[in-house]
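The values are calculated or read from the model by the stated rules, or taken from the named source; none is laboratory data. Remember, it's a predicted structure, so these values are computed and weren't measured experimentally. Positions of Cβ are backbone-derived with ideal geometry, glycine not excepted, and every protein chain shown enters the neighbour counts.
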Amino acid sequence: MEITRENAFNLLKEHVQSDSLVKHCLAVEASMRGYAKKFNEDVERWGACGLLHDVDFEKYPDTHPLEGVDILKSHGYDDEFVMAVKGHSNSTHTPRETPLAKALYAVDELSGFVIACVLVRPNKFEGLKVKSIKKKLKDKAFAKAINRDQIKESSEELGIDLTEHIQTVVDALILREKELNEMGMSLIG
């Protein structure tokens, strides 16, 4: 099966109605596209994995991502893709053995955190610095649902220094926001 963004986005919209969850999936897609470029991997495939990582979360939050695994398999997504989605949640105890799986795990929480930072900034993405994101990471009251330990541990698992990891995600989100704006969409609007 050929993986296309159009097919992935249509599948996401079939299963996810929540605007905030769609925006989160778009942010993770953006970060995965950034890492695909960084690692010289298939940008469409990696982006689709980010886009679909929470395909089941709205309908099946208690068994997520296991229902998503079934949804993806039934739509012809391959084992590496499906195992990356399964492994992005520690609850499944699935080893993350591929760069795709490690990247998805690493960008999930961080993408959400960076977007949370952007939403409270008057200039949104403009002038966003890694230093300010690291400062917000230390503020436990800010975006308290975000697992800071997972951000740190997943960066190490990916083999990327935390500062470089944050910068990669920030750069990917900024680029993708411009691209999405041209499509009439936004990560934050």
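Side notes on the structure shown:
- Screening I133 with (1) at pLDDT below 95; (2) surrounded by 12 or more Cβ atoms within 10 Å (Cβ to Cβ) gives one miss only, at (1).
- Taken over segment 27-81, residues that are β-branched (V, I, T) and in contact (Cβ under 8 Å) with a residue 12 or more places away in the chain amount to 4.
- All of E29, E80, E14, E2 fail the test of being assigned to a helix (DSSP H, G or I) and more than 18 Å from the chain's Cα centre (by Cα), apart from E14.
- Scan of segment 131-152 for residues that are among the hydrophobic types (A, V, I, L, M, F, W, C) and under 18 Å from the mean Cα position of the chain (by Cα), ordered by number: I133, L137, A143, A145, I146, I151
- If you check N7, N40 for being farther than 30 Å from T163 by Cα and either of a type in the set (K, R) or at pLDDT 95 or above (or both), only one passes: N7.
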